[in-house]
Amino acid sequence: MHIVNSEMDKEHLDRILKSHKAQPVGSGYIDVIVKRDNYKSLIRKLIEAGFYIESITWWEWIEDNKNSIYGLGGPESEYYNGWFAELAIKVDNVDLSKKHPQDSIKQLIEFIESKSIVYPNEKINFSQSEWLTPALWLKVPSHWENKNSA
């Protein structure tokens, strides 16, 4: 793993995110929300390019203008007809620092696909809940701001 630090790397990151319809929330590169149809290829592309994923947060995908059932609120999607609401659960930290890139990719995908959340009256599983959406926290230089920053 190398720590990215050049503006060329930032431009490459922005291109990867756009091509996978991955949407950063806020000004940096934490909470990069990626829908189910793109998370595997995004993870693969990011890790193979040398970017480090340190955590995962979880979001509810809400189509159209419907109300959130589980989430607190969040951004409208830049790519799809709907919006995302952040779930009030702890951030899942992942340690991929000593792993071979292919092992990191496999571990992260397996982690996402095995995710379950227990609420008082129900258990939510990633495999059974199409709305459950991961967001990746990327370790990048603190001065990097995404294209949505003011």
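The values are calculated or read from the model by the stated rules, or taken from the named source; none is laboratory data. No experiment lies behind these values; they were computed from the predicted model shown. With ideal geometry, Cβ positions are generated from the backbone for all residues, glycine too; neighbour counts draw on all protein chains shown.
Things to note:
- Here residue 99 clears all of (1) touching a Gly at 6+ places or on another chain (Cβ under 6 Å); (2) in a loop (DSSP other than H, G, I, E, B) except the condition numbered (1).
- Restricting 108, 96 to those that are at pLDDT below 95, among the aliphatic types (A, V, I, L, M), surrounded by 15 or more Cβ atoms within 10 Å (Cβ to Cβ) and closer than 23 Å to residue 51 by Cα reduces the list to 96.
- Restricting the range 1-34 to residues that are at pLDDT below 95, within 21 Å of residue 110 (Cα to Cα) and within 13 Å of the chain's Cα centre (by Cα), the residue that is surrounded by the most Cβ atoms within 10 Å (Cβ to Cβ) is 31.
- Among the residues of the range 112-121, some residue qualifies, meaning at least one is in a helix (DSSP H, G or I) and touching a Phe, Trp or Tyr at 6+ places or on another chain (Cβ under 8 Å).
- The set of residues in the range 59-82 that are in a strand (DSSP E or B) and either surrounded by fewer than 11 Cβ atoms within 10 Å (Cβ to Cβ) or in contact (Cβ under 8 Å) with a residue 12 or more places away in the chain (or both) comprises 59, 60, 61, 62, 63, 71, 82.
- Enumeration of residues in the range 49-70 that are of a type outside the set (Gly, Ala, Ser), out of contact with any Pro (no Cβ under 6 Å at 6 or more places or on another chain) and under 18 Å from residue 111 (Cβ atoms): 51, 52, 53, 54, 57, 58, 59
- Exactly one residue among 113, 86 is surrounded by fewer than 19 Cβ atoms within 10 Å (Cβ to Cβ), closer than 14 Å to residue 133 by Cβ and not small (Gly, Ala, Ser), and that residue is 113.
- So residue 105, is it more than 18 Å from residue 133 (Cβ to Cβ) and over 13 Å from the mean Cα position of the chain (by Cα): yes
- Among the residues of the range 53-69, the ones that are more than 12 Å from residue 80 (Cβ to Cβ) and either of a type in the set (Asp, Glu) or within 12 Å of the chain's Cα centre (by Cα) (or both) come to 8 in all.
- Residue in the range 48-56 that is surrounded by 14 or more Cβ atoms within 10 Å (Cβ to Cβ), closer than 15 Å to residue 130 by Cβ, in contact with a Leu (Cβ under 9 Å, 6 or more places away or on another chain) and hydroxyl-bearing (Ser, Thr, Tyr) present: no
- None of 105, 124, 56 is more than 22 Å from residue 26 (Cβ to Cβ), touching a residue at least 24 places away in the same chain (Cβ under 8 Å) and part of a strand (DSSP E or B) except 124.
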